[in-house]
Amino acid sequence: MAKSKSKSVFVCQNCGSQRSRWEGRCTDCGEWNTLVEERITETEPRGLSGAKSGAASTSGPRAWAIGSGAAANALTFSIEDAIAQAHSGSTESKMRLPTGSSELDRVLGGGLVKGSFVLVGGDPGIGKSTLMMQMAGGLAKRGSQVLYISGEESVTQTALRAERMGVVQSGVRLAAESELEVIRDRALAHQAQADGAPCVLIVDSIQTIYRSDLESAPGSVTQVRECAAALMHLAKSQGISVFVIGHVTKEGQIAGPKVLEHMVDTVLAFEGDATHAFRLLRALKNRFGATHELGVFTMDSRGLVEVTNPSEMFLEERGRELIGSAVFASMEGSRPILCEVQALTISSPLPQPRRTAIGFDTQRVHLLAAILNRHLGMKLHASDLFINVVGGLSLDEPAADFAVAAALISSERGESLDAKTVYFGELGLTGEARAVTFADQRLREARKLGFERFIVPASNQKQLAAMLKAEKISGVRFVRDLRDLAQSFANGDSPKRRASGSRGEKAQSGEDELGF
């Protein structure tokens, strides 16, 4: 029997840092009352077969290995041999497994990679288990063998949920288990019975799994970290694709130590709003594809239904009153999506007017308000500003500046914007317009939905001139151009005639060039 001894450490349940004694505040992450005492057992490192895996002595929890001692001694390969082995007997397209969901395949980068380790996080009740069960059914239809382990439901409960969603394939096996060693043994036995077919393991959820040789409770930082490390070793050494479901904290972050996100190959965030039927699946990290890729679903009684045209869905309820409403062509990963940006300005009775934004960075609202104040003479410093990205999308790219600024100008002046105009571009502090990336893809998506006019940075105008008639694309060099173009399109005037006429009127009246 291996020699072992235990010691007590205090582990922060927020960031995973360890202390030798209790402290009221974690000095690493700054959170209060998050240090919890846990007992760590140290043993000589052994494989699960009982043979010593090395002469050096390390901590027991991190020495947990999968397979025999011979298998634990990994071989080294030249990069040429490793690439040849990866492609042997298969083409590049066959290296990815289609999950049966085109939206999920898009977010994963084209399908599921054999031996990958994927973390799926989201709020309780958002549909994580539903997504994984539907994926299991899609994989089973295509010949994969799936083992679905639930630590939160019984086999009967899981089976009833699968039946409701139409997942009745024999290739999906169910089990209710929380002990990591048992899960490991069942996964290896399932792989042996798969007869060469791709094997996928789904663990729901990582917070319910525990290692019997650790004294801390399931869901603690130590248990989550060590269980995740063992599952990662299982995925990489045996070629089993592993999905783990993770809960999120009240701040919206995936619960557990940050090292958990660094271990996995892909981090998927499942987002949604209780007031909306749709769900957004976003890739926050992906070693096998583009990050910030977006998949869109709606939830109904059958489960999750894919949305093949998200732009149309986000714009279908757009009202006829277009004061303070602009359409923005966003890029979510490699996919262009059109969405409506709404703005409302109202005189504030408060000494410090409010700045409220839903789906947009509030600090960016402050910046745009300052630009409009300085370069257009708008008195937004005395108004409450409200920004809303309709449909629950979250915009984090500067290209949304044009749409937000146009909506603010429209709301402040009480003038509608043109319903067939799309905006995208970035504004600098000096009022200049800056080019954005993927302008051609944004324009193609907008044209597909019937939009006719485009207000873009002048730097992008040359790039887009070959795709559309010049009079349909208006280039902006300065924020004043954005204001004049938005007003001219709304009134049905020619942009050039409108701009020259406004300058002539101001020159005759003696009005300040920056005023209204």
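Some points to look at:
- Checking each residue in the range 111-144 for being among the polar types (S, T, N, Q) and crowded, with 24+ Cβ neighbours inside 10 Å picks out 116, 134, 144.
- Only one of the numbered conditions (1) basic (Lys, Arg); (2) at pLDDT 90 or above; (3) not assigned by TED's automatic domain parsing to the domain that holds residue 101 is not met by residue 282, and that is (3).
- Residue match in the range 299-320 (condition: among the hydroxyl-bearing types (Ser, Thr, Tyr), in a strand (DSSP E or B), touching a Leu at 6+ places or on another chain (Cβ under 7 Å) and under 22 Å from residue 417 (Cα atoms)): no
- Of the residues in the range 311-331, not one is farther than 23 Å from residue 397 by Cβ, in contact with a Lys or Arg (Cβ under 9 Å, 6 or more places away or on another chain) and modelled with pLDDT under 90.
- Subset tally (residues that are surrounded by 23 or more Cβ atoms within 10 Å (Cβ to Cβ) and either within 22 Å of residue 439 (Cβ to Cβ) or not assigned by TED's automatic domain parsing to the domain that holds residue 456 (or both)) for the range 307-324: 2
- Within the range 478-501, the set of residues being touching a Leu at 6+ places or on another chain (Cβ under 7 Å) and modelled with pLDDT under 75 comprises 490, 495.
- Test: residue in the range 55-65 that is outside any loop (DSSP other than H, G, I, E, B), more than 32 Å from the chain's Cα centre (by Cα), farther than 19 Å from residue 223 by Cβ and modelled with pLDDT under 80: no
- All positions within the range 343-372 that are assigned to a strand (DSSP E or B) and surrounded by fewer than 22 Cβ atoms within 10 Å (Cβ to Cβ): 344, 346, 347, 355, 356, 357, 358
- Among (1) out of contact with any Cys (no Cβ under 8 Å at 6 or more places or on another chain); (2) more than 21 Å from residue 265 (Cβ to Cβ); (3) surrounded by 23 or more Cβ atoms within 10 Å (Cβ to Cβ) - the single one residue 213 does not satisfy: (3)
- Looking across the range 373-389, not a single residue is buried (at least 21 other Cβ atoms within 10 Å of the Cβ) and acidic (Asp, Glu).
- Residues of the range 225-245 satisfying the condition of being under 17 Å from residue 208 (Cα atoms), out of contact with any Lys or Arg (no Cβ under 8 Å at 6 or more places or on another chain) and at pLDDT 90 or above: 228, 231, 232, 242, 243, 244
- Of all residues in the range 291-312, those satisfying the criterion of being touching a helix residue (DSSP H, G or I) at 6+ places or on another chain (Cβ under 9 Å) and of a type in the set (A, V, I, L, M) are 294, 296, 299, 304, 307.
- Verdict on residue 102 being polar (S, T, N, Q), modelled with pLDDT of 90 or more, over 19 Å from residue 243 (Cβ atoms) and surrounded by fewer than 17 Cβ atoms within 10 Å (Cβ to Cβ): no
- Here 428, 392 are screened, and the one residue that is surrounded by fewer than 23 Cβ atoms within 10 Å (Cβ to Cβ) and at pLDDT 95 or above is 428.
- Assessment of the range 293-302 against the conditions (surrounded by fewer than 20 Cβ atoms within 10 Å (Cβ to Cβ), within 30 Å of residue 161 (Cβ to Cβ) and either of a type in the set (Lys, Arg) or in the same structural domain as residue 387 (by TED's automatic domain parsing) (or both)) yields at least one matching residue.
- Residue in the range 400-411 that is buried (at least 18 other Cβ atoms within 10 Å of the Cβ), assigned to a loop (DSSP other than H, G, I, E, B), in contact (Cβ under 8 Å) with a residue 12 or more places away in the chain and in contact with a Pro (Cβ under 9 Å, 6 or more places away or on another chain) present: no
- Hits in the range 204-223 - residues which are part of a helix (DSSP H, G or I), within 15 Å of residue 39 (Cβ to Cβ) and in contact with a Ser or Thr (Cβ under 7 Å, 6 or more places away or on another chain): 222, 223
- For the range 347-369, a residue qualifies if it is free of Cβ contacts under 8 Å to residues at least 40 places away in the same chain and under 25 Å from residue 393 (Cβ atoms), and the qualifying residues are 354, 355, 356, 357, 358, 359, 361, 362, 363, 365, 366, 369.
- Filtered residues of the range 462-477 (kept if at pLDDT below 90 and either surrounded by 13 or more Cβ atoms within 10 Å (Cβ to Cβ) or in a loop (DSSP other than H, G, I, E, B) (or both)): 463, 464, 465, 466, 467, 468, 469, 472
The values are calculated or read from the model by the stated rules, or taken from the named source; none is laboratory data. Just so it is clear, the model here is predicted, and its values are computed rather than measured. Note that each Cβ is placed from the backbone with ideal geometry, even for glycine, and that neighbours are counted across all protein chains shown.
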